Amino acid sequence: MTATVSVVRTTPKHANAVGVPVGTSGAVPRSLGLSRAALAAHGFEGKLGQVLVVPAASGPTHIAIGIGDAGALNPQALRNAAASLVRAAGKHAVVATTLADIEGVDAVKAGQAVTEGGLLAAYRYAGIKREPNRNALTELVLVAGEKRAKGVASGVERGTVTSSAAYLARDLANTPPAYMNARNIADRAVQLAAETGITCEVFNKDQLEAMGCGGMLGVNRGSTEPPRMVRLTYTPKNPTGHLALVGKGVMFDSGGLSLKPSDGMLGMKMDMSGAAAVLATMGTLKALKCKAKVTGYLMCTDNMPSGSALKLGDVLTFRNGKTSEIQNTDAEGRLVLADGLSLAVEDKADAIVDIATLTGACMVALGMKVAGVMGNNQAFVDKVRAASATTDEPIWQLPLEKSYRKLLDSNVADMRNIGGSWGGAITAGLFLNEFVADVPWAHLDIAGPMSVDADEGWLSRGATGFGTRLLIELATTFKK
Ligand code: BES
Ligand code: MN
Ligand code: ZN
């Protein structure tokens, strides 16, 4: 359940907790009832990221939120500060704050950032329990003066849409695999499309066969669950361009016959996080009046071992006619993406982004918080990097080193599906590069940041929905 966010002029009486921004210099708001010296005695100096809960004998709990140098604030800092506030508010249901009313940050951006920080921090996956997990927060109240209220409210509107989308992506990825298989996510896509005014086409196994999507069928071969490919289309009047989004939707990745060890398989219900981000993004475009045409492709199947599973040494033929020799069935993401990228090229996209929990190698390179980005067109990769900076979903570019292409050479097919021992994130990128022709393309490897083990800032334990807000930002600013 998403809390509601409202904008009002004065702190409402029913607030249980009130977040009071305090900088490292300047006056301390009287509402806190503490002097700067008293705050400092409790270890609170007003530094960015600090919070101090000030219990009250009666009335709402006041929470001092450090904002550092108030003149140097930006939306990223406000998003973090709002998250710290909601975390510090704990079980309180109604939280009010003037965080979005600080001069110096654009009112719209401030409204959006505070909304996102608060809502994303409040997220909890309900779970499948007799007593479902619940968000404590039901209402976030942004107190803003006459001058900024209108701007803040419009930011709240956008922030509510982007946060709800991230909630959806998190929910989809957190859902256990028996409750979220390829048919289930396709059904969810049909429902979301109907609710949000976009077109949805679902392709079943026979249709994928007729279309020559050998990557999807090969990965699906070992599963008793049929595959689904979903194409979602949003078409505004006089589009500024056509952006394609391709999401890896491996609903559960056991590794196939190249079976993963148990520990490595543990989080693999989330191997559809790319598809979840694309679906959640598509659902926002009409509400946000996106000016570009956007097509989303969800490439959904399990990767399972069985008597019918894909074997090592088998050769698959993809939608674009290229072939691959399978040398490790656990390198399956690139196989399903190959068909999706081929279709995006056929559908005449002006630019393509794929998003995938693709390689452990990318986690080794960049850790758990930073996604990898690679691409064939620096100007487009830079647009993706700019979107990432805006939404604070960090990415770092790795080179598509062409001299590594020979690591994919195969004697029996156009390429094998694994590279050598090193540079696994890059060789995976080079494999995908075979399917984008010369369309500007960026590949996001989100294996690291797809989940977190513990609550931290606006990330809540479990699936993060990483990339959802980034893709929304990219789509809504996209021009050919
Ligand atoms: N889904 C995994 C990558 C992954 C690992 C994502 C951990 C999130 C957390 C992917 O399909 C995979 O198994 N990749 C292999 C590729 C290898 C066989 C070339 C890997 O990274 O080990
Ligand atoms: Mn795998
Ligand atoms: Zn996988």
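The values are calculated or read from the model by the stated rules, or taken from the named source; none is laboratory data. Keep in mind the model is a prediction, meaning the values are calculated, not measured. Cβ placement follows ideal geometry from the backbone for every residue including glycine, while neighbour counts extend to all protein chains displayed. Side chains are part of the model used for accessible areas, which takes the heavy atoms of the whole protein and leaves out ligands, DNA and RNA. Shrake-Rupley method; radii C 1.70, N 1.55, O 1.52, S 1.80 Å.
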Taking segment 407-432 and keeping only residues that are among the small types (Gly, Ala, Ser) and not in a loop (DSSP other than H, G, I, E, B), one is left with 424, 425, 428, 429
I'd like the full set of residues that are among the hydroxyl-bearing types (Ser, Thr, Tyr) and either farther than 16 Å from residue 432 by Cα or assigned to a helix (DSSP H, G or I) (or both), limited to segment 330-370. 342
Wholly enclosed helices (runs of 4 or more DSSP H) of segment 14-131 bearing at least 1 residues touching a helix residue (DSSP H, G or I) at 6+ places or on another chain (Cβ under 8 Å) and closer than 29 Å to residue 389 by Cβ: 75-89, 107-122
Please specify each residue of segment 133-175 satisfying the condition of being open to solvent by 50 Å² or more (accessible area, probe 1.4 Å) and modelled with pLDDT under 95. 134
Count - residues of segment 362-381 that are out of contact with any Asp or Glu (no Cβ under 8 Å at 6 or more places or on another chain) and over 23 Å from residue 459 (Cα atoms): 6
I'm trying to understand the selection: among the residues of segment 220-262, which are over 24 Å from the mean Cα position of the chain (by Cα) and within 14 Å of ligand 2 (Cβ to nearest atom)? 220, 222, 223, 256, 257, 258, 259, 260, 261
What pairs come up if the first residue lies in segment 70-96 and is touching a residue at least 12 places away in the same chain (Cβ under 8 Å), the second is surrounded by fewer than 24 Cβ atoms within 10 Å (Cβ to Cβ) and assigned to a helix (DSSP H, G or I), and their beta carbons are under 8 Å apart, counting only those six or more places apart or on different chains? 75/109; 75/390
For a quick check of your reading of the model, give me the residue pairs whose first member lies in segment 227-247 and is without any contact (Cβ under 8 Å) to a residue 60 or more places away in the chain, whose second is open to solvent by less than 10 Å² (accessible area, probe 1.4 Å) and aliphatic (A, V, I, L, M), with beta-carbon atoms closer than 7 Å and at least 6 apart or on different chains. 239/292
Residue tally, condition more than 16 Å from ligand 3 (Cβ to nearest atom), assigned to a strand (DSSP E or B) and in contact with a Leu (Cβ under 9 Å, 6 or more places away or on another chain), over segment 221-260: 9
Residues of segment 226-244 being under 22 Å from residue 268 (Cβ atoms) and open to solvent by less than 10 Å² (accessible area, probe 1.4 Å), in sequence order, are 227, 229, 230
So which residues in segment 295-318 are crowded, with 24+ Cβ neighbours inside 10 Å and of a type in the set (Asp, Glu), if there are any at all? 302
Within segment 92-132, how many residues are surrounded by fewer than 18 Cβ atoms within 10 Å (Cβ to Cβ), over 23 Å from residue 469 (Cα atoms) and modelled with pLDDT of 95 or more? 7
Across segment 359-374, which residue is farthest from the chain's Cα centre (by Cα) among those that are open to solvent by 10 Å² or more (accessible area, probe 1.4 Å) and away from ligand 3 (no atom under 16 Å from the Cβ)? 365
